[in-house]
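Peer 1: This structure is in structure tokens; I'll ask about it shortly.
Nothing in this text is a laboratory measurement; each read-out follows from the coordinates by a stated rule. Source: prediction; values computed, not measured. No Cβ is skipped: glycine too gets one built from the backbone with ideal geometry, and neighbour counts run over all protein chains shown.
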Amino acid sequence: MAVQSQEMTFWDHVEDLRKCIIRVAVVFLTVTVVLFCFKDFLFDDVVLAPSDSSFWLYRLFGLDFSMSLVNIEVSAQFMIHMKLTFICSLILCFPYIIYELWCFIAPALYEREKTSVRKAFAFASVLFYCGLAVGYYIIFPLMLNFFAGYQVSPLVPNTFSLSSYISLFTSTIMTFGLVFEFPTVIAILSALGIVTRDMLQTYRRHAVCAVVILAALITPSGDPFSLFIVTIPLYLLYEFSIVICRKADPALVNTLEDDID
């Protein structure tokens, strides 16, 4: 397959890329139109669900929390509807985008490389959705509960705009979706021989400190419970990266040591 890829001209690759982009665009626009028609479900049952006291996390810990949102801009609701529709379409189309990307680069890879990259791409979709789930069901409600109850003074009541809620929602969910791609990056670097399992194990203590700092930045509340809830999945990502990472090749290690000496 690699030989066949070498026989293709530059314009052949451009044509393949053009077809790939067109297919992705058609699927993305189709999903966007369908989601746009399901506005009530998208907002009432998904996006705005964490703002109600019936959300599962609040019921689980007995939190009496709910918040009301206001709109203070003329066109904000329509623009937010469009923005959320595009973001949710991108989330739903993510596996297909990954598939099209794989189809585009696969002919240029050798069989040994295809196996590693194929697994990494499969991991990418699974981990992305796991990150979205953690961000939506755990992290975002905790952040929302903290911000809703925080006041600099009783004289200043909290009134939340729809725009600020959506901004916090999208940034939190997408951040965790991307953060959960860390094992995928490690898997690719491991397949290329850049990162090894021994290397990750050696820097485990440093990783713990980095994870705690990252968790503290993500959770503004600062209470031990929220910090613990965020730290656990982030640290498990690091341990999972160690599991999927390859061990160092002894011959390569000896060669590197000889070069250093």
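Peer 1: Springs between alpha-carbon atoms under 10 Å, Gaussian network over the chain: tell me which of ASP44, ASP12, ASP198 tops the mean-square fluctuations.
Peer 2: ASP12
Peer 1: Suppose a student asked you for the relative contact order of the range 1-115, using Cα pairs under 8 Å spaced at least 6 residues apart; what percent would you report?
Peer 2: RCO, the range 1-115: 49 percent.
Peer 1: What is the total of Lys pairs in the chain with C-alpha atoms under 22 Å apart, excluding same-chain pairs fewer than 8 positions apart?
Peer 2: Lysine pairs satisfying the spacing and distance rule in the chain number 4.
Peer 1: So, one more: Mean-square fluctuation check for the chain, GNM, Cα pairs under 10 Å: which of SER153, SER54, SER75 is largest?
Peer 2: Answer for the Gaussian network model of the chain: SER153.
Peer 1: Taking Cα pairs under 8 Å and at least six residues apart, what relative contact order does the range 2-249 come out at, in percent?
Peer 2: Relative contact order of the range 2-249: 21 percent.
Peer 1: Starting at the first residue of the range 100-105, write each ³J(HN,Hα) from the Karplus equation 6.51 cos²θ - 1.76 cosθ + 1.60 with θ = phi - 60°, in whole Hz, x for Gly and Pro.
Peer 2: Running phi through 6.51 cos²θ - 1.76 cosθ + 1.60 with θ = phi - 60° gives 5, 5, 5, 4, 6, 8 Hz.
Peer 1: Please work out the C-alpha center-to-center distance from the range 6-43 to the range 47-123 and express it in whole Å.
Peer 2: 17 Å
Peer 1: For the chain, place one equal point scatterer on every Cα, skip the solvent, and apply the Debye formula. What is log10 of I(q)/I(0) at q = 0.07, 0.10, 0.17 Å⁻¹?
Peer 2: -0.36, -0.69, -1.33
Peer 1: On to the next question. Between beta-carbons, use under 11 Å as the cut-off and find the net charge around TYR58, counting Lys and Arg +1, Asp and Glu -1.
Peer 2: Neighbour charge sum, excluding TYR58 itself: -1.
Peer 1: With springs only between Cα atoms under 10 Å apart, run a GNM on the chain and tell me which of VAL46, VAL117, VAL24 wobbles the most.
Peer 2: Comparing VAL46, VAL117, VAL24 in the GNM, the peak value goes to VAL46.
Peer 1: How much length, in nm to one decimal, is gained on full extension between VAL74 and TYR96, taken as 0.36 nm per residue of separation minus their Cα-Cα distance?
Peer 2: Contour length minus Cα-Cα distance gives 4.3 nm.
Peer 1: Where in the chain lies the longest segment free of chymotrypsin sites (Phe, Trp or Tyr not before Pro) that are both loop residues by DSSP (not H, G, I, E, B) and have at most 16 other Cβ atoms within 10 Å?
Peer 2: 204-261
Peer 1: Please work out how much length the chain gains when fully extended from ASP44 to SER167, using 0.36 nm per residue of separation minus the C-alpha to C-alpha distance, in nm with one decimal.
Peer 2: So the extension gain works out to 42.6 nm.
Peer 1: Something else about it: Pairs of alpha-carbon atoms within less than 8 angstrom and 6+ residues apart define the contacts here; what relative contact order does the range 129-224 have, in percent?
Peer 2: RCO, the range 129-224: 43 percent.
Peer 1: What list of ³J(HN,Hα) couplings, whole Hz, do you get for the range 24-29 from phi and the Karplus terms 6.51, -1.76, 1.60, once you set θ to phi - 60° and write x for glycine and proline?
Peer 2: Karplus values, whole Hz, x for Gly and Pro: 5, 5, 5, 5, 5, 5.
Peer 1: Related question: With r as the distance between the Cβ atoms of ILE22 and ARG118 and R0 = 30 Å, compute the FRET efficiency 1/(1 + (r/R0)^6) and round to 0.05.
Peer 2: E between ARG118 and ILE22, to the nearest 0.05, is 0.80.
Peer 1: A further question on this structure: If we count every other residue with Cβ under 13 angstrom of ILE22's Cβ, Lys/Arg +1 and Asp/Glu -1, where does the sum land?
Peer 2: Result for the neighbourhood of ILE22: 0.
Peer 1: Could you give the length gained by full extension between PHE228 and VAL34, i.e. 0.36 nm per residue of separation minus their alpha carbon distance, to one decimal place?
Peer 2: Here the segment from PHE228 to VAL34 would lengthen by 66.0 nm.
Peer 1: Now, a different point. What distance in nm lies between label points placed 7 Å from Cα along the C-beta direction at VAL243 and LEU217?
Peer 2: About 2.7 nm separates the two model spin labels.
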